[in-house]
Amino acid sequence: MNKVREQETSADKKLGLVMMIIAVVAILIIILVNIPWGGSGAKVAKEYEYLKRDNVFVTVKGKELKQKIESGETFYLYIGSNKQTDADYFVYYADQLAKKFNVDKIYYMPLNKMSNEDLEFIRENSINELSIEVPNMIYFVKDDASGNSKSYRISNVEDFKEYYGSNYWLLLSDFFANCTSLSLE
């Protein structure tokens, strides 16, 4: 009788071990399937319908962005959300044009992850009007007077509403061309 109990206990231990191994393997598979392989660009591509995994967007957090501005870095910043009207077109065109103009990185700050402090800090360091209703593209360059990065009005277009939607290509073409000429000065 004692030997039967030992066999049952041994069988229960083996069954428990097998079940635990199966659970660990299942959890690992779930994690691996949900990891956005390909880095930040792949993660952003999951958010926007028309982006490919090899896009120029790199997600940035508020603290990192503040550090970039305070250290006087030159960089592009997209603030937006896939919930905004025509944002899929905007980021697709921005990606295509960035590549055309040899821009290898556009930092992406998701609107839904921005604090009010982040938004105010960007507004303080930007001449551009920021709207939470439409996608925002900003070019920051080092300001010699302060040492911080500042953004300047880049586009020749004053009334952006005429460019929303199907005309994003024209607006962003103008934006990147002017940023490139500003960088060459």
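The values are calculated or read from the model by the stated rules, or taken from the named source; none is laboratory data. On a predicted model such as this, the values are computed, not experimentally measured, just so you know. Ideal geometry is used to build each Cβ from the backbone, glycine not excepted, and the neighbour counts take in all protein chains shown.
Worth a mention:
- Tallying residues that are at pLDDT 65 or above and either under 25 Å from the mean Cα position of the chain (by Cα) or part of a loop (DSSP other than H, G, I, E, B) (or both) within segment 9-45 yields 6.
- The residues of segment 85-127 that are surrounded by fewer than 18 Cβ atoms within 10 Å (Cβ to Cβ) and assigned to a loop (DSSP other than H, G, I, E, B), listed by number, are Thr85, Asp86, Phe101, Asn102, Asp104, Lys105, Ser115, Ile127.
- Residue tally, condition β-branched (Val, Ile, Thr), at pLDDT below 90 and touching a strand residue (DSSP E or B) at 6+ places or on another chain (Cβ under 9 Å), over segment 80-117: 0
- Counted residues, segment 132-147 - those being surrounded by fewer than 13 Cβ atoms within 10 Å (Cβ to Cβ) and of a type in the set (S, T, N, Q): 1
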